[in-house]
Amino acid sequence: MKKKYRFIGLNFVCFLMFSSCTPSLVYSPSVNLPPAPLSKKKIQVVGGVGWLPETRPHRIGKETAVGGEFTFRYGVSDYFTMQFKGWYDLSDNIEEKRYGLSYSNIILLNDKNSRTRFGFIPTVAFAFGGRGLEGGGGAGQLVVWLPNHHKIHPYLALGPAVGIRNLEEHPKQWGWGWVLNSGVALKLSKNIAVNLEVAGIQQINKYEGRSNFVVAPSINLSMTL
């Protein structure tokens with residue numbers, strides 16, 4: 001039976017998407033902030049491995065799936081960065097291929113030379129399963145670059161997220177939650193860094209009346225050009 005899907009383009013990471021074709025979709029909750037906000041015309045590429053939360057872990061029997069993720073960033077100005085991100089499920093949780101794409105802006109809210117810098121990251125994302133595009137959603141996170149200690153650059157992020165799969169059926173297939181990120185960017189050289197990060201996600205599945213808390217670590221290597 002063919003289903004029509006509607007997606008809400010909220011400027012709010014892809015979160016809870018439900019039921020029908022693929023039993024559970026996956027998303028990437030990591031932010032992998034650079035050691036400092038990108039300067040104008042700077043480019044950063046980021047790639048690594050992350051544990052991708054399952055949107056319906058009770059259907060899979062596992063809360064996360066090991067996946068690969070890749071991020072491309074471009075500094076439009078010293079205070080505004082464009083970001084494109086993709087992720088791919090590398091696990092054997094299910095046989096179907098699962099992956100996703102997102103677009104974000106990293107907006108610096110105070111002086112770039114401050115020891116502590118604040119920012120906002122609105123994100124819109126799309127999740128793909130066995131029949132192509134199956135879900136979408138977004139997140140809006142406040143971020144803070146904490147004072148660095150030599151080559152250690154810690155950061156935090158916190159914000160709400162929402163995900164939608166089908167709003168035409170009853171009950172509507174959607175959910176929401178909170179994402180908390182705690183990470184550190186370790187500078188190996190002037191242009192190379194490693195991000196070690198842990199995301200904690202409270203998922204609230206409104207469609208099935210369930211909730212769960214997921215811990216999703218990741219490790220990524222970045223290069224700034």
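The values are calculated or read from the model by the stated rules, or taken from the named source; none is laboratory data. Source: prediction; values computed, not measured. All Cβ positions, even for glycine, are placed from backbone atoms using ideal geometry, and neighbour counts span all protein chains on display. The area values use the complete protein model at the heavy-atom level, side chains included, leaving out ligands, DNA and RNA. Shrake-Rupley method; radii C 1.70, N 1.55, O 1.52, S 1.80 Å.
Every residue, every condition in (1) touching an Asp or Glu at 6+ places or on another chain (Cβ under 6 Å); (2) open to solvent by 40 Å² or more (accessible area, probe 1.4 Å); (3) of a type in the set (Asp, Glu), yes or no:
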residue	(1), (2), (3)
73	no, no, no
80	no, yes, no
83	no, no, no
112	yes, yes, no
119	no, no, no
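Go through the range 109-138 and give me each residue that's aliphatic (A, V, I, L, M) and more than 17 Å from residue 158 (Cβ to Cβ).
Result: 124, 125, 127, 133.
Looking only at the range 203-225, how many residues end up being more than 15 Å from residue 34 (Cβ to Cβ), of a type outside the set (A, V, I, L, M, F, W, C), over 14 Å from the mean Cα position of the chain (by Cα) and part of a strand (DSSP E or B)?
4
What number of residues within the range 157-187 are open to solvent by less than 70 Å² (accessible area, probe 1.4 Å) and within 18 Å of residue 213 (Cα to Cα)?
So the answer is 11.
Among the residues of the range 73-110, which ones are assigned to a loop (DSSP other than H, G, I, E, B) and either closer than 16 Å to residue 33 by Cα or not hydroxyl-bearing (Ser, Thr, Tyr) (or both)?
Once the filter is applied, which keeps residues that are assigned to a loop (DSSP other than H, G, I, E, B) and either closer than 16 Å to residue 33 by Cα or not hydroxyl-bearing (Ser, Thr, Tyr) (or both), the range 73-110 yields 78, 79, 90, 92, 93, 94, 95, 96, 97, 98, 109, 110.
For residue 65, all conditions in the list (1) surrounded by fewer than 21 Cβ atoms within 10 Å (Cβ to Cβ); (2) at pLDDT 95 or above hold save one; what is the number of the exception?
Evaluating residue 65 over (1) surrounded by fewer than 21 Cβ atoms within 10 Å (Cβ to Cβ); (2) at pLDDT 95 or above leaves (1) as the failure.
In the range 118-170, which residues are in a strand (DSSP E or B), farther than 25 Å from residue 191 by Cα and over 14 Å from the mean Cα position of the chain (by Cα)?
Scanning the range 118-170 gives 128, 129, 132, 133, 134, 135, 164, 165, 166.
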